[in-house]
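Peer 1: One structure coming up, written as structure tokens, with questions to follow.
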Amino acid sequence: MNIKDLLENKKKEKKKAARKKATKNIAVGAGVGAAVGLTAGVLLAPKSGKETREELADNVKEAAEKVAEGTKKTAEKVSKGTKKAAGLVKEKVTELKNKKNSEKAQESQESQETQEQPEDEVSEN
């Protein structure tokens, strides 16, 4: 992979992050707008104070449940991602250990072969 490819990949990652941030901001804005609109609608509706308070309480409970559910789902996704990342790291560490052990064994075998060669040459003379 050359420098040009690395720069292009970095540029793509930045664009992706910017799109993700913009999408998040839009979602947050829509949620806040919906909450403000709902509250304004409830407060300006021609209902008695008791009915309005009950409706507000119900809406707050419903919103809290949705937030809790969203938080739970996000926590589960983060947990799964963390476990997956930990598994990949463990796999790579094992792979590197095996590679290092293999290299050590090969070096040991090569050093034994080089030590055996002079003995063979001496016995031939």
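Peer 1: From the list 93, 122, 78, exactly one residue is farther than 30 Å from residue 31 by Cβ, among the hydrophobic types (A, V, I, L, M, F, W, C) and at pLDDT below 85. Which is it?
Peer 2: Working: 93 fails: at pLDDT below 85; 78 fails: farther than 30 Å from residue 31 by Cβ.
Exactly one of 93, 122, 78 is farther than 30 Å from residue 31 by Cβ, among the hydrophobic types (A, V, I, L, M, F, W, C) and at pLDDT below 85, namely 122.
Peer 1: I need the full set of residues from the range 56-109 which are basic (Lys, Arg) and within 30 Å of residue 34 (Cα to Cα), in order please. Step through it out loud before you land on a result.
Peer 2: From the range 56-109, those basic (Lys, Arg) are 61, 66, 72-73, 77, 80, 83-84, 90, 92, 97, 99-100, 104; that's our starting set.
Of everything in the range 56-109, those that are basic (Lys, Arg) and within 30 Å of residue 34 (Cα to Cα) turn out to be 61, 66, 72, 73, 77.
Peer 1: Can you tell me which residue among 16, 4, 84, 73 is surrounded by fewer than 10 Cβ atoms within 10 Å (Cβ to Cβ) and part of a helix (DSSP H, G or I)?
Peer 2: Values: 16 fails: surrounded by fewer than 10 Cβ atoms within 10 Å (Cβ to Cβ); 84 fails: surrounded by fewer than 10 Cβ atoms within 10 Å (Cβ to Cβ); 73 fails: surrounded by fewer than 10 Cβ atoms within 10 Å (Cβ to Cβ).
Criteria check complete, one pass: 4.
Peer 1: Taking the stated definitions as given, is residue 47 outside any helix (DSSP H, G or I), free of Cβ contacts under 8 Å to residues at least 40 places away in the same chain and surrounded by 10 or more Cβ atoms within 10 Å (Cβ to Cβ)? Can you show your working first?
Peer 2: Values: outside any helix (DSSP H, G or I): yes; free of Cβ contacts under 8 Å to residues at least 40 places away in the same chain: yes; surrounded by 10 or more Cβ atoms within 10 Å (Cβ to Cβ): yes.
Judged against the criteria, residue 47 is a match.
The values are calculated or read from the model by the stated rules, or taken from the named source; none is laboratory data. Please read all numbers here as calculations on a predicted model, not as lab measurements. Neighbour counts run over all protein chains shown; Cβ positions are idealised from the backbone, glycine included.
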